[in-house]
Each structure stands twice: as structure tokens, then as C-alpha cells.
1. Out of segment 47-96, which residues are within 16 Å of I34 (Cβ to Cβ), over 18 Å from the mean Cα position of the chain (by Cα) and modelled with pLDDT under 85?
2. Any residue at all in segment 139-161 that is under 15 Å from the mean Cα position of the chain (by Cα), at pLDDT below 80 and in a helix (DSSP H, G or I)?
3. Pick from segment 125-138 the residues that are in a loop (DSSP other than H, G, I, E, B) and at pLDDT below 85: which of them is nearest to G28 (Cα to Cα)?
4. Which numbered condition in (1) surrounded by 11 or more Cβ atoms within 10 Å (Cβ to Cβ); (2) at pLDDT 75 or above is the only one that T113 fails?
5. How many residues does segment 17-42 hold that are more than 23 Å from S70 (Cβ to Cβ), under 16 Å from the mean Cα position of the chain (by Cα) and of a type outside the set (D, E)?
6. Quick one: how many residues across segment 21-63 are at negative phi, out of contact with any strand residue (DSSP E or B) (no Cβ under 7 Å at 6 or more places or on another chain) and without any contact (Cβ under 8 Å) to a residue 12 or more places away in the chain?
Amino acid sequence: MITGASRGMGVSFTNAALAAGDAVVATGRRPGEISRTFGDSERLLAVKLDVTSTDDAKSATDVAVERARSGDQPIWFADHDCHAGFYRTGLASPESLVWPDLEIADYAERSATQRAWWTAVDGTQPGDPDKLARAYLAPFSVPGSCFSVGRQRWPAPGGREREACGGQ
């Protein structure tokens, strides 16, 4: 089950999993966009999932579990903890990053600076999301492992990156 499969890293991960021969439950707010991106495939099931909706999350999970139980094709469930930095995606595009309508005067200058920065870096981040997806799905990945990559990788929860990543 891959979340955000209609854009950015989600597209890269879905492509990598399909290229590896895996069946994928690809989720996103717009499942029609997922279907248009990847075309028809017996190994792909596009499912609506807005990650801010618990109803969507339960429904998408139920669909994925049922598909896995059917035994038609194995489905890969990501249960790894990936601490990635910036990767070349549309994360800051108007379709992905929504700024609130409410503006607070005390923060207006800082907010304007942040918006300009995000706009400038959108799609130019140094990391290659396709390379990340291929590496992440590689056979050396062990369920429950940590996978820290990238020059700007985020620290593990509680700042315990070395411990969370097996001391590597």
C-alpha cells in the first residue's frame, strides 16, 4: 500500500514496485489521477485516501487487506521507517502545498519568506526519488528496519537516529 501515489515520491515508489513485479494498492486523494498516471494493470488498484480522514484510512486499509487475503497476487506493505531528506518532487507545488487563508500580521514577513523559499525549491531538490524508491524496495530491506538516506535526512524520533538505524 503506497500513500500519495498520484504525485512525487508516491509515483516513484509505485513505479518501482510495479517494475519489480509487485501488486500495489496505490492510494491518493484522486484515484482517477493514479489510474491515468499508471494506466491499466492487474497489479495496480487505485484507492481513494485522504490521509487526514480516518474513514478513508480505514476503508483503504480494508481494501488492501482484502486484496492481500484474496491470494491472487502478493501485495507489499511498507513497514519500514524511512528518514529521507529533500527529494525532487512537486511537494511545494500549488496542488500539494496548501497555505492557510488566515494571515497573522506578526508573522506576515516570515510567512512570505517561507512561501518564496518553498516556491523556489519546488522540483529542484537534490535527491532523486526514483533512485530512492528502487533502493528502498531492494531485497536488502528487512521488515521493521530503518532506512536513512539523503544529505538532508531527518533525524529519527527523539534524535536517536543511530539507535533507530541499527547503529549504522
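1. Within segment 47-96, R67 is the sole residue that qualifies.
2. no
3. It comes out as L137.
4. Looking at each condition in turn, T113 falls short on (1).
5. Count: 3.
6. The qualifying residues number 9.
The values are calculated or read from the model by the stated rules, or taken from the named source; none is laboratory data. Computed from a predicted model, the values in this text were never measured in an experiment. Using ideal geometry, Cβ is built from the backbone for each residue, glycine included, and neighbour counts are taken over all protein chains shown.
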